[in-house]
Amino acid sequence: MTRSFSLTTLRALGLGLVVALSALTSVPAFAGGDQAVSISDEQVVPAGKVHDGDLVSVMGNVRVEGKVTGTVVCVLGDLTVTGQVEGDVVSIMSKTDLGGSADISGEFVNVGWSPLGVTGANIGGEKVNVNFMNLVPFAGHGGGLSGLLRFLFILALIKLAMLFLTMIIVTSLIPRRLAVMATAFPQKWGWSFVVGLLTYVGIWIGVLFLAVTLIGIPLALFLWFAGKVIKWMGLAAILYLMGQTIGRNLWGRQLPHLASVLAGFVIFAVTSMIPGIGWVFSGVMSVLAVGIAITTRFGAEPVVQPSAAGPGGLPVPPSWEPAPAGGPMGSGSGSTPA
């Protein structure tokens, strides 16, 4: 940010938001004056030409080489100004280039990536650059819808990295409880889904109810964090079960505890990154994780006749293979037929 915010700067930013929202809702933002609005399209003011009024583009490109008598707003697009703008220039999450020769009589407000060509440009009003995207690794000078998608992708990777570290911590602290939950999951996954879904709904209702009062905000945060911890415990158990099943099917042996969680997490991470399918998969896994943690009393439920002993004497969950012909229903691959 090159200068502190002022009322004029906030007015310019608010103007850009109002104009952009009015474009999306097809409601005129101003009673008078001409206004060119485009969605996912390119607007060009050639050199030597004059555009009277405002120029607005949402998810499109704006190139001003001539003169604009009003305000220029670009949201999720590419903005290039090498001509003259008598009003304000507002760029929101867009790739902005002033070409080093732009003449802007009003404010210049940029939110998102760092603008190019600011040095040498003539800006009459305040110049505000909120380039928070520079704090995101590998965000580059992007902009537009592709830049936003890249930003969301990077956030998803950061979230997965933090989740993996959390899984390692949980696995290291309560390995036996995770093994108990994993052992019970093949028989309790249906009931776990029902319990997890009801618990999720109850937690969110409780959080919203407590958050409406100032006194209840700390309790709402505690309830939200408690739900997260429950989900982490159950998710680590499911990932452990997935890793154990992969170890049996691919290598014919039991994987160490952390290796099992790592193998399961790789499958979880790759699947959750698939657009659409990944969101549904992550949601279902979260519900199942909460449910299995609660139905097994957070791994305190005793295991009856474990199929075998895993590394470190931990009980080994049964694989998802069908029972052998004539064998007891629900028995795992490691069980011995009676």
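The values are calculated or read from the model by the stated rules, or taken from the named source; none is laboratory data. Quantities reported herein were computed from a predicted structural model and do not represent experimental measurements. FYI the Cβ positions are ideal-geometry reconstructions off the backbone, even for glycines, and counts take in every protein chain you see.
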With the first residue restricted to the range 192-203 and required to be within 19 Å of residue 181 (Cα to Cα) and free of Cβ contacts under 8 Å to residues at least 24 places away in the same chain, and the second required to be assigned to a helix (DSSP H, G or I) and of a type in the set (A, V, I, L, M, F, W, C), Cβ contacts under 8 Å at 6 or more apart or on different chains are none
A careful count of residues in the range 246-264 that are assigned to a helix (DSSP H, G or I) and either of a type in the set (Lys, Arg) or modelled with pLDDT of 90 or more (or both) gives 1
- Message: Among the residues in the range 27-37, are any among the β-branched types (Val, Ile, Thr) and at pLDDT 85 or above?
- Response: no
Of the residues in the range 110-147 that are surrounded by 19 or more Cβ atoms within 10 Å (Cβ to Cβ) and assigned to a helix (DSSP H, G or I), the one that is modelled with the highest pLDDT is 133
Considering the range 159-205, residues that are closer than 15 Å to residue 288 by Cα and hydroxyl-bearing (Ser, Thr, Tyr), and then whichever is surrounded by the most Cβ atoms within 10 Å (Cβ to Cβ), we arrive at 183
For the range 279-312 the number of residues that are assigned to a helix (DSSP H, G or I) and either on the phi < 0 side of the Ramachandran plot or modelled with pLDDT of 50 or more (or both) is 18
Kindly establish whether residue 181 is in a helix (DSSP H, G or I) and in contact with a Ser or Thr (Cβ under 7 Å, 6 or more places away or on another chain).
yes
Restricting the range 42-77 to residues that are assigned to a loop (DSSP other than H, G, I, E, B) and under 14 Å from residue 94 (Cα atoms), the one farthest from the chain's Cα centre (by Cα) turns out to be 60
Restricted to the range 276-291 and to residues being touching a helix residue (DSSP H, G or I) at 6+ places or on another chain (Cβ under 8 Å) and among the β-branched types (Val, Ile, Thr), the residue surrounded by the fewest Cβ atoms within 10 Å (Cβ to Cβ) is 277
